[in-house]
Amino acid sequence: MNPNILDKEVQQFIDSNLLSDVNKIALAKPMFQNVSSAELAGQIAAKKKAKNKLPTWFSTADIYYPALLSIEQTSSETTAAYKANLAIGKTLLDLTAGFGIDSYFFSKKVDEVFSCEINPELAEITAHNAKVLGAIKLSVISDDGLEFLKNADKNFDTIYIDPARRSNSNKVFKLKDCTPDVTENLDFLLAKAQRIIIKTAPLLDISAGLSELKNVSEIHIVSVKNECKELLWVIDKSFTGETKIVCVTLNEKDKVFRFAIGDLQLKTEISQSEPAGYLYEPDVALLKSGAFNLIAERFGMKKLHQQSQLYFSDEIKKDFLGRIFEINSLLTLKELKKEKELKGNVIVRNFPEKAENLVKKYKIESTHDDFLVFTQSNNGYLVIKAKIIQHY
């Protein structure tokens, strides 16, 4: 951490160049003594990234930013504020703090937070920012979280872990492929806390995670604007019941869909009638949960097709997690060919062609609220003309 970056003139330069080309700044001659052009470019790039993701940090003076990768990998304020509500008790240990976003929001919910970061420079940056932000309940420790816990002479009410994947592959991964290895240390962690919260990427298969863990009371699937951000595994020392799945959409209005994992076995009939009334497209949090049949039962809707994952109803279900469309008309593919001046945004669900190809093929003009849903019912392929009435 270079303290010269916090000089008033340097900070003013950073703020006045947030729209500038950081590559040009990085290659330019140094403009300040003891601050390199590369450091300036790094601070600008990281602060730009923080504007929407971390508005509290962005709007606070004298924040010191880490490498851009740390900003990209950290939780957003939106998701950090949500997971803070999962902490129990008065004390919490963040085993893998990183830039400290989660630690900061945990400190708003519990009396004392110990935030471990193995990278000394990142720990120094996090400690500086915690002081600037007035996070007096937050103590930053430059140490390996597991080693700190092994040497600690106290237990914690909650331990939070965001393990890092050891591989950048997009293939399905396991918790044992992460650092620290939660599966190997789970008994030790449960001996030191009443509750363990593990954050993982959405790529982790729920069944695979459950096979590696025990005492999982809840799994929270967190989505923002139809993008699945993270899975949160809540492990309670004394828990012996059935795991609950909690689908959460954090948008203008937060919504929750909760069920017991055994409910995934529910069977439902596929509608033989053509869709009418209102069409429902589930948010990715619902899709990740695999509760395809339960969605129809809970919301009192009909399922269009076994593989389409679209639903319809005569009534508007405003608490639905996802988009809602008012169905205007239905077209077969033969009827579609006769249509002129087609307008609408194209959605493809369980259909053999890509949206961009359909736009070209049928010369479809994009509009704001109108949609053309290419999908399949039990009666074959069809196109649903609809108008959106609820966004994600």
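Considering region 233-248 alone, what residues qualify as being modelled with pLDDT of 95 or more, under 17 Å from residue 262 (Cα atoms) and in a loop (DSSP other than H, G, I, E, B)?
Selection gives 239, 242, 243.
Got a sec? Which strands (runs of 3 or more DSSP E) wholly within region 317-380 have at least 2 residues that are among the hydroxyl-bearing types (Ser, Thr, Tyr) and either at negative phi or surrounded by 19 or more Cβ atoms within 10 Å (Cβ to Cβ) (or both)?
The strands (runs of 3 or more DSSP E) meeting that bar are 370-377.
Output the qualifying pairs, or none if there are none: Cβ atoms under 6 angstrom, residues six or more apart or on different chains, first residue in region 360-385 and polar (S, T, N, Q), second residue part of a strand (DSSP E or B).
So the pair list comes out as 366/345; 367/343; 378/270.
With the requirement that a residue be charged (D, E, K, R), under 30 Å from residue 331 (Cβ atoms) and surrounded by fewer than 16 Cβ atoms within 10 Å (Cβ to Cβ), what does region 264-284 give you?
The first filter runs over region 264-284 and keeps only residues charged (D, E, K, R), leaving 267, 269, 274, 281, 283.
If we keep only those that are under 30 Å from residue 331 (Cβ atoms) as well, we get 269, 274, 281, 283.
Once the filter is applied, which keeps residues that are charged (D, E, K, R), under 30 Å from residue 331 (Cβ atoms) and surrounded by fewer than 16 Cβ atoms within 10 Å (Cβ to Cβ), region 264-284 yields 269, 274.
Listed residues 117, 77, 124; which is surrounded by fewer than 19 Cβ atoms within 10 Å (Cβ to Cβ) and charged (D, E, K, R)?
124
With respect to residue 47, is the statement that it is touching a residue at least 24 places away in the same chain (Cβ under 8 Å), surrounded by fewer than 20 Cβ atoms within 10 Å (Cβ to Cβ) and charged (D, E, K, R) true?
Working: touching a residue at least 24 places away in the same chain (Cβ under 8 Å): yes; surrounded by fewer than 20 Cβ atoms within 10 Å (Cβ to Cβ): no; charged (D, E, K, R): yes.
Against the criterion (touching a residue at least 24 places away in the same chain (Cβ under 8 Å), surrounded by fewer than 20 Cβ atoms within 10 Å (Cβ to Cβ) and charged (D, E, K, R)), residue 47 does not qualify.
I want to confirm something. Restricting to region 144-156 and keeping residues that are under 27 Å from the mean Cα position of the chain (by Cα) and either farther than 12 Å from residue 94 by Cβ or charged (D, E, K, R) (or both), which single residue is surrounded by the most Cβ atoms within 10 Å (Cβ to Cβ)?
Among residues in region 144-156 that are under 27 Å from the mean Cα position of the chain (by Cα) and either farther than 12 Å from residue 94 by Cβ or charged (D, E, K, R) (or both), the one surrounded by the most Cβ atoms within 10 Å (Cβ to Cβ) is 146.
Return the residues of region 106-129 that are among the aliphatic types (A, V, I, L, M) and closer than 19 Å to residue 144 by Cα; say none if nothing qualifies. Steps first, answer last, please.
Of the residues in region 106-129, the ones among the aliphatic types (A, V, I, L, M) are 110, 113, 118, 122-123, 125, 127.
Passing the criteria: 113, 118, 122, 123, 125, 127.
Among 281, 297, which is the only one that is of a type in the set (Asp, Glu) and either in a strand (DSSP E or B) or in contact with a Gly (Cβ under 7 Å, 6 or more places away or on another chain) (or both)?
One residue alone meets the criteria, 281.
Taking only region 14-32 into account, find how many residues are surrounded by 13 or more Cβ atoms within 10 Å (Cβ to Cβ), outside any loop (DSSP other than H, G, I, E, B) and within 33 Å of the chain's Cα centre (by Cα).
Residues flagged as surrounded by 13 or more Cβ atoms within 10 Å (Cβ to Cβ), outside any loop (DSSP other than H, G, I, E, B) and within 33 Å of the chain's Cα centre (by Cα) within region 14-32 amount to 4.
Could you check region 230-263 and list, in sequence order, the residues that are charged (D, E, K, R) and surrounded by 15 or more Cβ atoms within 10 Å (Cβ to Cβ)?
230, 236, 244, 255, 263
How many residues does region 196-223 hold that are of a type outside the set (Lys, Arg), surrounded by 20 or more Cβ atoms within 10 Å (Cβ to Cβ) and part of a strand (DSSP E or B)?
10
All but one of (1) within 28 Å of residue 205 (Cβ to Cβ); (2) exposed (fewer than 14 other Cβ atoms within 10 Å of the Cβ); (3) of a type in the set (Asp, Glu) hold for residue 94; which doesn't?
Of (1) within 28 Å of residue 205 (Cβ to Cβ); (2) exposed (fewer than 14 other Cβ atoms within 10 Å of the Cβ); (3) of a type in the set (Asp, Glu), only one is false for residue 94: (2).
I need the full set of residues from region 33-44 which are touching a residue at least 24 places away in the same chain (Cβ under 8 Å) and either part of a loop (DSSP other than H, G, I, E, B) or surrounded by fewer than 17 Cβ atoms within 10 Å (Cβ to Cβ) (or both), in order please. Before the answer, list the steps.
Within region 33-44, the first condition is being touching a residue at least 24 places away in the same chain (Cβ under 8 Å), and the residues that meet it are 33-35, 39-40, 42-44.
Those that are touching a residue at least 24 places away in the same chain (Cβ under 8 Å) and either part of a loop (DSSP other than H, G, I, E, B) or surrounded by fewer than 17 Cβ atoms within 10 Å (Cβ to Cβ) (or both): 33, 34.
The values are calculated or read from the model by the stated rules, or taken from the named source; none is laboratory data. In this text, all values refer to a predicted model and were calculated from it rather than measured experimentally. Here Cβ is always computed from backbone atoms with ideal geometry, including for glycine, and neighbour counts include all displayed protein chains.
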